[in-house]
Amino acid sequence: MALTEVKQIIEKFERDFDPDAAKGVDAVLQYHISGDDGGDWIITIKDGSCKIEEGTHDSPTVILKMSGKTWLGLVNKTVNPTMAFTTGRLRIKGDMAKAQLVPKIFRI
C-alpha cells in the first residue's frame, strides 16, 4: 500500500527503525519538505536509538530538502534517489554518507 502523507511517513520511520543497523551511528538528519503537506523534522540517531521531532536543528549532520511529492515518491519507490539528486529534486547538504544510511536504518 502506497503511503500518501508526508507526516504519515515520518511517523512510520519511528516504527520502522532498525536499532541494529544504527549501532555506532551518531547523526542528526534535518528534513525540509516543502508543499502543502510539508514541514521540518529532526531525526536524531545515536548508538542504536532514534528520536524524531518536528522543528529545525541548529547544526544537523545532514540536511535533506525536497518537495512532498518527491518525498512520497522516494518512500514509495516510484522515484529513484540518484535521479532525484542529480536532477535537483533532492538536495543534500552535509555528510552524504550519513544520508545514504537512511534506507538501511529505516525499513521502509
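When you check Ile52 against the structure, is it at pLDDT 95 or above and either in a loop (DSSP other than H, G, I, E, B) or within 11 Å of the chain's Cα centre (by Cα) (or both), yes or no?
Working: at pLDDT 95 or above: no; either in a loop (DSSP other than H, G, I, E, B) or within 11 Å of the chain's Cα centre (by Cα) (or both): yes.
No; evaluated as a whole, the condition is false for this residue.
With respect to Leu64, determine if the residue is in contact with a helix residue (DSSP H, G or I) (Cβ under 7 Å, 6 or more places away or on another chain), in contact (Cβ under 8 Å) with a residue 12 or more places away in the chain, aliphatic (A, V, I, L, M) and outside any helix (DSSP H, G or I).
Yes, satisfied.
Mind checking whether some residue in the stretch 75-92 is in contact (Cβ under 8 Å) with a residue 12 or more places away in the chain, in a loop (DSSP other than H, G, I, E, B) and over 16 Å from Glu5 (Cα atoms)?
yes
I need the full set of residues from the stretch 22-66 which are of a type in the set (Ser, Thr, Tyr) and farther than 17 Å from Met96 by Cα, in order please.
Across the stretch 22-66, the qualifying residues are Ser34, Ser49, Thr56.
Hey, among the residues in the stretch 8-39 that are open to solvent by 70 Å² or more (accessible area, probe 1.4 Å) and under 12 Å from the mean Cα position of the chain (by Cα), which one's modelled with the highest pLDDT?
Glu14
Within the stretch 53-100, how many residues turn out to be among the aliphatic types (A, V, I, L, M), within 26 Å of Lys23 (Cβ to Cβ) and open to solvent by 50 Å² or more (accessible area, probe 1.4 Å)?
Total meeting the criteria: 2.
The values are calculated or read from the model by the stated rules, or taken from the named source; none is laboratory data. Bear in mind the structure is a predicted one, so any value in this text is a computation, not a measurement. All Cβ positions, glycine included, derive from the backbone under ideal geometry; neighbour counts span all protein chains shown. Side chains included, ligands, DNA and RNA excluded: accessible areas come from the protein's heavy atoms. Shrake-Rupley method; radii C 1.70, N 1.55, O 1.52, S 1.80 Å.
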